[in-house]
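S.K.: Take this structure first; my questions come after.
All of the numbers you see were taken from the coordinates with simple rules; none came from a lab. What you are looking at is a predicted structure, and each value in this text was computed from that prediction instead of being measured. Using ideal geometry, Cβ is built from the backbone for each residue, glycine included, and neighbour counts are taken over all protein chains shown.
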């Protein structure tokens, strides 16, 4: 038996419990890892609260559920055709949850020695989401991209990916985060009332595309800014369809193309994923509560 965080009903962070579970067995193409780090993502809270099930009009989950999408660790068992061997250090997208001592990964990628376990685990979902949004927009070098929520984990990654590809980036953020966003390669603009005018002053030549990672009710003005709803994408605003804007979503099938690039950039020091705090596995509820209260400035990571 091994330890894992589980929940058996939807609700507040307190439904998360440290439980005894049977370690999972890897299937074809999967590896089992001894988890060294598992990142906490906003979607974890949406799943735990039941919000994702309600939005997708799904039946209740098959409880108990082990939450978590991302992990990094050491391979200790492999399935047929997994492409890894016992002892390899890897990161990837978890199947069946990552808040655990042992987790299954699909599409595992080798972890370079230069990456800490915490950063390696933190790259997966935020990196995949940022890369997917940029690909869906089709933004190219020489064009101008506005990123709302540029100081959040996805926003930070999108800023760096876009800047590395020769895209001019404008990023909205809170006053306290402007210097940090600027250091990542963007022109930082304070969000809130008047943001549209401030962006206009920062990009006199206009904005070609908008990536909304904030969900702060900016879609109407963003469409007006670009002149075309097809040039705006959001990962956070559930009213997207009302404005003709795409809501970017995806599953682990998107990870294969983007994750190796993200890992290489991070190992080379060209991509930074800020880790705010680490927590013991048993404190997963506190980690989620901190994120829900927006106390974090960077990623929260569980360390089993």
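S.K.: Say R0 is 41 Å: what FRET efficiency, to the nearest 0.05, do residue 80 and residue 272 get from their beta-carbon distance? Please list the in-between numbers first.
M.R.: Numbers: r = 37 Å, r/R0 = 0.89.
For R0 = 41 Å, the calculated efficiency reads 0.65.
S.K.: Also, quick follow-up: Grab the Cα-Cα distance for residue 58 and residue 8, subtract it from 0.36 nm times how many residues apart they are, and report the gain in nm with one decimal. Mind showing how you got there, number by number?
M.R.: Working: separation 50, 0.36 × 50 = 18.00 nm, distance 1.62 nm.
Separation in residues times 0.36 nm, less the Cα-Cα distance, equals 16.4 nm.
S.K.: While we're here: From largest to smallest, what semi-axes in whole angstrom does region 148-219 give when each is the square root of 5 times an eigenvalue of its alpha carbon gyration tensor? All intermediate terms of the calculation are to be shown ahead of the outcome.
M.R.: Working: eigenvalues 51, 40, 28 Å².
Each semi-axis is the square root of five times an eigenvalue, giving 16, 14, 12 Å.
S.K.: Neighbouring Cβ atoms within 10 Å as the yardstick, rank 209, 63, 247 fewest first.
M.R.: Working: 209 25, 63 10, 247 14.
If I rank by nearby Cβ atoms, fewest first, I get 63, 247, 209.
S.K.: Let me ask something additional. Sorting 195, 117 on the 10 Å Cβ count, fewest up front, what's the list?
M.R.: Working: 195 18, 117 22.
Least crowded to most crowded, the residues run 195, 117.
S.K.: Just need the relative contact order of the chain here, percent rounded to a whole number, with Cα pairs under 8 Å and 6+ apart.
M.R.: Details: 714 pairs, mean separation 57.1, N = 304.
About 19 percent, as a whole number.
S.K.: How many percent of Cα pairs in region 1-104 exceed 16 Å?
M.R.: Working: 3040 of 5356 pairs.
For region 1-104, the fraction of Cα-Cα distances above 16 Å is 57 percent.
S.K.: In nm, give the distance between the simple-model label positions of residue 220 and residue 193, each being 7 Å from the Cα along the Cα-to-Cβ direction.
M.R.: Placing both labels 7 Å along Cα→Cβ, they lie 1.6 nm apart.
S.K.: Which distance in nm do the two modelled labels at residue 293 and residue 201 give, with both placed 7 Å along the Cα-to-Cβ direction?
M.R.: Roughly 3.6 nm, to one decimal.
S.K.: Over the alpha-carbon set of region 127-247, work out the extent along each principal axis and list the three values in angstrom, largest first.
M.R.: The principal-axis extents, from largest down, are 35, 30, 26 Å.
S.K.: Using only Cα atoms, tell me the angle between helix 117-137 and the longest principal axis of the chain; keep it within 0 to 90° and round to the nearest 10.
M.R.: 40 degrees
S.K.: With axes computed from alpha carbons, what is the tilt in degrees of helix 255-267 against the longest principal axis of the chain, rounded to the nearest 10 within 0 to 90?
M.R.: Long axis of 255-267 versus the principal axis of the chain: about 80 degrees.
S.K.: Using a 10 Å cut-off around each Cβ, can you sort 91, 291 from fewest to most neighbouring Cβ atoms?
M.R.: On the way: 91 30, 291 20.
Least to most surrounded, the residues fall as 291, 91.
S.K.: Fully extended, how many nm does the chain gain between residue 228 and residue 282 (0.36 nm per residue separation, minus their Cα-Cα distance)?
M.R.: On the way: separation 54, 0.36 × 54 = 19.44 nm, distance 4.70 nm.
So the chain would gain 14.7 nm between residue 228 and residue 282.
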